[in-house]
Ligand code: AKB
């Protein structure tokens, strides 16, 4: 138990929003194994039993409801926050103002709570934030192809509400980490960039492929959807062209990288935002690999022009060299090895167990 300066005794905790989602599944399993912090997991919907048993507490909570979050977190000394709650790119285009509310106002609520707890306890709260390749945007498909592997700070002109939200929240995180209330008399910002009240760290996720879960509401979902359809023996109509190419990684690699960034010494980090990815296949290359492993797979390509335009606005590949230099990021798999060593064995076992 930690003693706050108010004399209250609060349990130190790691707080996860959007915990019931794809990333939350993997993160809770990884965090629960070797942590001396209680996991407090929240989501808009009930969190499934297999995750609840790994957490100290689980709550239904809306990241847009600041009062509810305040009441909830008043019971804890929050040491780390993994803020996963978000409306992804495709769903955000169907309700852009709702996406803004969740993706931006929800993040402001989390950053404010982190700042208040950081000031109360005199040590910065670590906020780990998943951004996305959606922050990028290109003037044309030709420009995208010519750009090749892009660094964190080029071509950041998103064409989706989700991408705009994620890019703005990256900047918000930098503000809370380095400049928060910089003109206030009692400000701690700016005098020591390694102090401040919020230790904000961000990875830009590419498309993520999990053997355990299927994403919803994303535009990079075509790869996991294609794979899971083949494993279930159902036809799949891919909503983008065969030649479309964006960066991906497996979910275990994304979780490992996220936790590696979270554990890195703050003074080893030269930036707030880091690109991570493992491979950049075309949709056609993925389809061929799926058919090698699932010969009866029935995959067709019927591009949806509007979703295609989103994928064409995202980079072919990411330059992840700064993440490698600062905190040792490195992919675990090539695409082929991801299929052989993780995706196909786990997904086959999963569907055999339910068939
Ligand atoms: C999406 O497709 O919206 C997400 C992403 C690439 O961030 N999976």
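Of 167, 183, 208, all but one fail to be outside any helix (DSSP H, G or I) and free of Cβ contacts under 8 Å to residues at least 40 places away in the same chain; the exception is 183.
Go through segment 36-57 residue by residue and tally those that are loosely packed, with under 12 Cβ neighbours inside 10 Å and farther than 24 Å from residue 87 by Cβ. It would help to see each step written out before you state the result.
We begin by selecting, within segment 36-57, every residue loosely packed, with under 12 Cβ neighbours inside 10 Å; these are 36, 45-46, 49-50, 53.
Within this subset, residues satisfying the condition of being farther than 24 Å from residue 87 by Cβ are 36, 49-50, 53.
Here the count works out to 4.
May I ask you to verify whether residue 196 is more than 16 Å from the ligand (Cβ to nearest atom), farther than 25 Å from residue 250 by Cβ and touching a residue at least 40 places away in the same chain (Cβ under 8 Å)? Yes, satisfied. The combined condition, being within 15 Å of residue 15 (Cβ to Cβ) and either in the same structural domain as residue 76 (by TED's automatic domain parsing) or in contact with a strand residue (DSSP E or B) (Cβ under 8 Å, 6 or more places away or on another chain) (or both), is fulfilled by residue 128.
Going through segment 228-240 one residue at a time, which ones are more than 16 Å from the ligand (Cβ to nearest atom) and not in a helix (DSSP H, G or I)?
Within segment 228-240, the subset more than 16 Å from the ligand (Cβ to nearest atom) is 229-237.
Correct list: 233, 234, 235, 236, 237.
For segment 73-98, a residue qualifies if it is away from the ligand (no atom under 16 Å from the Cβ) and surrounded by 18 or more Cβ atoms within 10 Å (Cβ to Cβ), and the qualifying residues are 73, 76, 77, 78, 79, 80, 81. I'm trying to understand the selection: among the residues of segment 253-283, which are under 22 Å from residue 136 (Cα atoms), under 16 Å from the mean Cα position of the chain (by Cα) and away from the ligand (no atom under 16 Å from the Cβ)? Matches in segment 253-283: 261, 272. Taken together, the residues in segment 209-227 that are surrounded by 24 or more Cβ atoms within 10 Å (Cβ to Cβ), within 14 Å of the chain's Cα centre (by Cα) and more than 6 Å from the ligand (Cβ to nearest atom) amount to 1.
Looking at the structure I just gave you, is residue 110 in contact with a strand residue (DSSP E or B) (Cβ under 6 Å, 6 or more places away or on another chain) and either in contact (Cβ under 8 Å) with a residue 12 or more places away in the chain or within 13 Å of the ligand (Cβ to nearest atom) (or both)? So residue 110 fits the description; yes. For segment 334-355, the set of residues classified as in contact (Cβ under 8 Å) with a residue 24 or more places away in the chain, surrounded by 15 or more Cβ atoms within 10 Å (Cβ to Cβ) and farther than 12 Å from residue 211 by Cβ consists of 335 only. I want to confirm something. Restricting to segment 98-139 and keeping residues that are part of a loop (DSSP other than H, G, I, E, B) and over 17 Å from the mean Cα position of the chain (by Cα), which single residue is nearest to residue 202 (Cα to Cα)? Within segment 98-139, the match that is nearest to residue 202 (Cα to Cα) is 124.
Against the definition (under 21 Å from the mean Cα position of the chain (by Cα) and surrounded by fewer than 23 Cβ atoms within 10 Å (Cβ to Cβ)), how does residue 250 come out, yes or no?
Numbers: under 21 Å from the mean Cα position of the chain (by Cα): yes; surrounded by fewer than 23 Cβ atoms within 10 Å (Cβ to Cβ): no.
For residue 250, the condition - under 21 Å from the mean Cα position of the chain (by Cα) and surrounded by fewer than 23 Cβ atoms within 10 Å (Cβ to Cβ) - is not met.
Counting only helices (runs of 4 or more DSSP H) wholly contained in segment 13-97, the ones carrying 1 or more residues that are in contact (Cβ under 8 Å) with a residue 60 or more places away in the chain occupy 22-33, 89-94. Every condition in (1) away from the ligand (no atom under 13 Å from the Cβ); (2) within 18 Å of the chain's Cα centre (by Cα); (3) closer than 19 Å to residue 207 by Cα holds for residue 155 except the one numbered (2).
The values are calculated or read from the model by the stated rules, or taken from the named source; none is laboratory data. The shown structure was predicted, so the numbers you read here are calculated from the model rather than taken from an experiment. No Cβ is skipped: glycine too gets one built from the backbone with ideal geometry, and neighbour counts run over all protein chains shown.
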